[in-house]
Amino acid sequence: MLAVYVILDGYDFGAGIIHLFFAKTEKDKKAITNAIGPFWDANEVWLIAAGGVLFFAFPTLYASSFSGFYLPLIMILWLLIFRAIGLELRGQIHNRMWESVWDKAFGLASLLLALFFGIALGNVVRGVNLGMVANGVSTQEAHYFFLPLWNPTFSPQTEHLGIIDWFTLLLGIIGVVALSIHGANWIIFKTNSDLNAKLKKVIFNLNFVLLALVIISLLVWHIIEPKPFHNFIKSPLLWIFPLITFTGLFGLFKVKSFKKDGLGFLFSSLFLFGGLTSTVASIFPKVLPSSNTVNPSLTLYNVAAEEYGLSVGVYWFAIAIVLVAIYMVIQYKVFKGKMDDVGYGEH
Amino acid sequence: MEDMLFYDRMQFAFTITFHYLFPQLTMGLSLIIVYFKGNFLRTKLEKYNDAAKFWMRIFALNFAMGVVTGIPMEFQFGTNWAKFSELTGGIIGQTLAMEGMFSFFLESSFLGLFLFGEKLLGHKLHFITGFLVFLGSWASGFLIIATHSWMQHPVGYEILENGKFVLNNFGALFSNIWLWPSYLHNQAASLVTASFVVAAIGAFYILNNKHSEFGKLFVKTGVVFGLISSVIVAFPTGDMAAKNVVKHQPVTFAAMEGIFETEVGGSEIILIGQPNVLEKKLDNKIAVPNILSFLTYQKWEAEIKGLNEFDEKIYPTNIPGLYYAYHIMVGLGTIFIGLMLIAAVQLFRKKLYKTKWILWSLLFMLPFPYIANTTGWYTAELGRQPWLVYNLLRTTAGASPTVSSGNTLFTLLGFIGLYLLLGLLFLMLVGKIINKGPQIIKH
Ligand code: HDD
Ligand code: HEM
Ligand code: HEM
């Protein structure tokens, strides 16, 4: 569900970043907000629903990670608020200053959100000091921790970890670049704006950056996790996920020659989906690794809810997912094709 | 530790109070919009469609505010109440996750269609999308109240050795005797807010001599819906809710009503009075004998337990707060019924639009349903203290163990600043919509 969230709301963030850097004229801006306007709210529900499902299926993980990542999570909430009001309020009053304030709020919030989500992924890969071990003893229950935003060394390998260190920041930047590409693809897909030709060039160039960053991150990965390929060697079928990632990545180099505007979006979705699933596959069954040797990592098995609850959950969840799929089909059917004229925000 | 808990509670109380200002209008308003749109389909009179569209714009703004302030609510269970989430997540996680999956998706998908799809969909389908938005918002209220009812009156659970609550009966969550009175009461209360808002804007238009055609329609609709819902709030739903409290949380009830001593021969109902917790009595009271016993048990002489019969350790933490919250809610409820009754009589006699003082009263009533709803929630929440899960889990045992008070205070201040900004922007934009009026939308 988180993967779906990243792919869907990811294009909103990306569109926000594009909006910040590349939308120069009023027409460009209109095109971008039209392309995401009717969708962002429903996309954001994926985050809420993913949070809810995490809560009921893995209460311990929910409790541990939400309180441990307290500060960045609250900041993400604030940013989500700014992004939403930026998008919703800009069209309400026609005044240059008003509009440019909310444009910047929307764009910057999107940029920071993309960065934060990358950093979050980095934290999950790197692991945290579970039980807040100092000098070999836990000072908290084994599954609780708290991370400050950073520590002065910015190193992912000290005893006192911070949310932001050079490794998580690297993943944060990958997040920004990848989602910018993704957002640009969505805009191309949903509008006929003058921006489209320019955006294809931007995607092409950014893709080189993305490739370089991905290679660097893979090189430093083994510093963090000595045996990153362990799971892949054990079950070779898992290679399908990295394969998907690279299909997406290389597909994007051909963006200028695509006949169909939706194709680019498809490839960037593949990249995001593949990247996330490969990461999960690589740390499985861990869901939050422990950075110390005293307390064990949180795994899928030691954080799940009790059996009865989960088994009823499966029933209603199946029904709900079918309903959600139906809503999405209807929604995207009604707002199909190019959306330059929807007039979002002018109601 | 103590002040950490204090900031956690302040943050929850502040953010939920602010959040609930918006859903209470959207839930009720969605029904009224569906009514307008339905009337348009039936009569084909343009004015109903314009009315629906006008309220839709106010709805949309409220909805957006509800969404952005609602997300922090859900996150806060994990961030600030980690211990509570860990112990009870297997149960309250169910209903909260269902809320996300069943209602938020429904609402948000169809709201987009409802707001932008009128031309694409045609009026019939447009009506249906509106209806689905209504359904989603009421389902959301249902699941939230189901969660809340479990905290007030836990059912269908088992406690493991490690202290975790696990579910053993899914159906019990929804047949909880606390749930239905509470839900119906809350939804009726939400309709009260929406009706008063619609009536107040209508009165504003008439008094201002602007858009008076719509003014009359709004006042009429607001008064009819307002009368019905104000009555339902008091009886049967408020009455049922109160009976649940007497039966299952007698100490809470005693504090709500301000009864310090059990009275022989039936309890009086307190109209006015200030609780004096130190001396365990009520100052300056005005009361009517035996009414409370009758209202509660339909017997004039029935005995109602006073606070003196209970151990102080299980007293609600904030007795005066609880007492005032409850009396403000009930007092306002009585005033609402009175005003709406008079307005309805004048409406029936076709004199309402000329009776200035009633129109002014309707206009000035605008903030009071919000106050009644908020104090209603304070009654429920303060009444539950010192428990998170009634009789089973203390509030002190629920907070996040690793988050320090400095961090919570920091985020609390951040929320206050941000919500202040949001509130100002919201008022400004609503003001703009109201000022423009319904007709402008005709292109
Ligand atoms: C317009 C708002 C409004 C009005 C006029 C009233 N209420 Fe109310 N009341 C609420 C809005 C509300 C609420 C916000 O909807 C609450 C908070 C929790 C809940 O379920 O509903 C509530 C809670 C609540 C509770 C606490 C239930 C619990 O502990 O869970 C009781 C006993 C009553 N109400 C009783 C009444 C009575 C007897 C009223 C008679 C006039 C009344 N209310 C008017
Ligand atoms: C919208 C309506 C609600 C309002 C206005 C409201 C208000 C409050 C207030 C004022 C407090 C602080 C009580 C105190 O500090 O003594 C509180 C606490 C709390 N409420 Fe509610 N509440 C609402 C709905 C809910 C619901 C639906 C839930 C559960 C799903 C809930 C769960 C909690 C929790 C976990 C706390 C923190 C612990 C505590 O101090 O009791 N509340 N709420
Ligand atoms: C602790 C309590 C609460 C939590 C955790 C919570 C959570 C949320 C969340 C996450 C949203 C945003 C959903 C979206 O994106 O559409 C939301 C909106 C909403 N909430 Fe709450 N909420 C709480 C209290 C309440 C209460 C007490 C009610 C009513 C009885 C309520 C009714 C709604 C409704 C109707 C919406 C839909 C949006 C709107 O109409 O404004 N919520 N809530």
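The values are calculated or read from the model by the stated rules, or taken from the named source; none is laboratory data. The structure presented is a predicted model; accordingly, all values stated were derived computationally and were not measured. Virtual Cβ from ideal backbone geometry, glycine too; neighbours counted across all protein chains shown. Calculation scope for accessible area: heavy atoms of the full protein, side chains included, ligands and nucleic acids excluded. Shrake-Rupley method; radii C 1.70, N 1.55, O 1.52, S 1.80 Å.
Please enumerate the residues belonging to segment B:102-131 that are of a type in the set (Lys, Arg) and touching a residue at least 60 places away in the same chain (Cβ under 8 Å).
Of everything in segment B:102-131, just one residue is of a type in the set (Lys, Arg) and touching a residue at least 60 places away in the same chain (Cβ under 8 Å), namely B:LYS124.
Only one residue in B:LYS44, B:LYS37, B:LYS53 is away from chain A (no Cβ under 14 Å) and closer than 28 Å to A:VAL45 by Cβ. Which one?
B:LYS37
Residue check: is B:PHE415 surrounded by 17 or more Cβ atoms within 10 Å (Cβ to Cβ) and away from ligand 1 (no atom under 16 Å from the Cβ)?
yes
Within segment B:132-140, is there a residue that is without any contact (Cβ under 8 Å) to a residue 40 or more places away in the chain and away from chain A (no Cβ under 14 Å)?
no
Looking only at residues that are part of a helix (DSSP H, G or I) and within 14 Å of ligand 3 (Cβ to nearest atom) in segment B:378-394, which one is farthest from B:ASN186 (Cα to Cα)?
B:ARG384
For segment A:81-115, give me each residue that is more than 16 Å from A:LYS29 (Cβ to Cβ), open to solvent by 40 Å² or more (accessible area, probe 1.4 Å) and within 14 Å of another protein chain (Cβ to nearest Cβ).
Selection gives A:PHE82 alone.
Of the residues B:LEU352, B:LEU362, B:LEU382, B:LEU388, only one is in contact (Cβ under 8 Å) with a residue 24 or more places away in the chain, buried (at least 18 other Cβ atoms within 10 Å of the Cβ), more than 27 Å from B:TRP178 (Cβ to Cβ) and within 16 Å of ligand 1 (Cβ to nearest atom); which?
B:LEU362
Return the total of residues in segment B:102-158 being within 16 Å of ligand 2 (Cβ to nearest atom) and more than 24 Å from B:ILE91 (Cα to Cα).
0
Test A:ASN196 against the criterion of being surrounded by fewer than 21 Cβ atoms within 10 Å (Cβ to Cβ), at pLDDT 70 or above and among the polar types (S, T, N, Q), and give yes or no.
Here the answer is no, as A:ASN196 does not meet what is asked.
Residue-by-condition table, conditions (1) under 30 Å from B:LYS83 (Cβ atoms); (2) within 14 Å of chain A (Cβ to nearest Cβ); (3) more than 16 Å from ligand 2 (Cβ to nearest atom):
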{"site": "B:GLU161", "(1), (2), (3)": "yes, yes, yes"}
{"site": "B:ASN169", "(1), (2), (3)": "yes, yes, yes"}
{"site": "B:TRP178", "(1), (2), (3)": "yes, no, no"}
{"site": "B:GLY202", "(1), (2), (3)": "no, no, yes"}
{"site": "B:ASN208", "(1), (2), (3)": "no, no, yes"}
{"site": "B:SER212", "(1), (2), (3)": "no, no, yes"}
{"site": "B:LYS216", "(1), (2), (3)": "no, no, yes"}
{"site": "B:VAL224", "(1), (2), (3)": "no, no, yes"}
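If you go through segment B:294-319 one residue at a time, how many are out of contact with any Pro (no Cβ under 7 Å at 6 or more places or on another chain), open to solvent by less than 70 Å² (accessible area, probe 1.4 Å) and under 23 Å from B:LEU382 (Cα atoms)?
Qualifying residue count, segment B:294-319: 9.
Output the residues belonging to segment B:218-264 that are buried (at least 24 other Cβ atoms within 10 Å of the Cβ), of a type in the set (Gly, Ala, Ser) and at pLDDT 85 or above.
The answer is B:GLY222, B:GLY226, B:SER229, B:SER230.
Does B:LEU393 satisfy the criteria of being open to solvent by 50 Å² or more (accessible area, probe 1.4 Å) and more than 30 Å from B:TRP55 (Cβ to Cβ)?
When the stated conditions are applied, B:LEU393 does not pass them.
For segment B:44-51, does any single residue satisfy the condition of being closer than 30 Å to B:GLU158 by Cβ, more than 10 Å from ligand 3 (Cβ to nearest atom) and either in contact (Cβ under 8 Å) with a residue 40 or more places away in the chain or touching a helix residue (DSSP H, G or I) at 6+ places or on another chain (Cβ under 6 Å) (or both)?
The answer is no, given that none of the residues of segment B:44-51 is closer than 30 Å to B:GLU158 by Cβ, more than 10 Å from ligand 3 (Cβ to nearest atom) and either in contact (Cβ under 8 Å) with a residue 40 or more places away in the chain or touching a helix residue (DSSP H, G or I) at 6+ places or on another chain (Cβ under 6 Å) (or both).
Can you pull out every residue in segment A:61-72 that is open to solvent by 10 Å² or more (accessible area, probe 1.4 Å) and within 7 Å of chain B (Cβ to nearest Cβ)?
Those that are open to solvent by 10 Å² or more (accessible area, probe 1.4 Å) and within 7 Å of chain B (Cβ to nearest Cβ): A:PHE66, A:LEU71.
Residue-by-condition table, conditions (1) among the hydrophobic types (A, V, I, L, M, F, W, C); (2) open to solvent by 20 Å² or more (accessible area, probe 1.4 Å); (3) within 17 Å of B:LEU29 (Cβ to Cβ):
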residue	(1), (2), (3)
B:HIS153	no, yes, no
B:GLU158	no, yes, no
B:ASN162	no, yes, no
B:LEU179	yes, no, no
B:SER182	no, yes, no
B:VAL192	yes, no, yes
B:ALA199	yes, no, yes
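Output the residues belonging to segment B:92-124 that are more than 16 Å from A:TRP316 (Cα to Cα) and within 9 Å of another protein chain (Cβ to nearest Cβ).
If the condition is that a residue be more than 16 Å from A:TRP316 (Cα to Cα) and within 9 Å of another protein chain (Cβ to nearest Cβ), then B:GLU107, B:SER108, B:SER109, B:PHE110, B:LEU111, B:GLY112, B:LEU113, B:LEU115, B:PHE116, B:GLY117, B:LEU120, B:LEU121 are the ones that fit.
If only one of B:LEU125, B:LEU135 is open to solvent by 20 Å² or more (accessible area, probe 1.4 Å), under 24 Å from A:ILE321 (Cα atoms), more than 16 Å from ligand 1 (Cβ to nearest atom) and at pLDDT 90 or above, which one is it?
B:LEU135
So which residues in segment B:3-27 are over 19 Å from B:LEU427 (Cα atoms) and either of a type in the set (Gly, Ala, Ser) or more than 11 Å from ligand 3 (Cβ to nearest atom) (or both)?
B:ASP3, B:MET4, B:LEU5, B:PHE6, B:TYR7, B:ASP8, B:ARG9, B:MET10, B:GLN11, B:ALA13
Hey, any hits in segment B:52-60 for a residue that's more than 16 Å from ligand 2 (Cβ to nearest atom) and small (Gly, Ala, Ser)?
yes
Could you say which residue among A:VAL214, A:VAL133 is open to solvent by less than 30 Å² (accessible area, probe 1.4 Å) and modelled with pLDDT under 70?
A:VAL133
Would you confirm whether or not segment B:75-84 contains a residue that is more than 8 Å from chain A (Cβ to nearest Cβ), surrounded by fewer than 21 Cβ atoms within 10 Å (Cβ to Cβ) and under 30 Å from A:PHE317 (Cα atoms)?
Within segment B:75-84, not a single residue is more than 8 Å from chain A (Cβ to nearest Cβ), surrounded by fewer than 21 Cβ atoms within 10 Å (Cβ to Cβ) and under 30 Å from A:PHE317 (Cα atoms).
List the residue pairs whose Cβ atoms are under 7 Å apart, where the first residue sits in segment B:391-409 and is more than 12 Å from every other protein chain (Cβ to nearest Cβ) and within 16 Å of B:TYR157 (Cβ to Cβ), the second is open to solvent by 10 Å² or more (accessible area, probe 1.4 Å) and in a strand (DSSP E or B), and the two are 6 or more positions apart or on different chains.
That search, which allows pairs on different chains as well, returns B:LEU393/B:TRP387.
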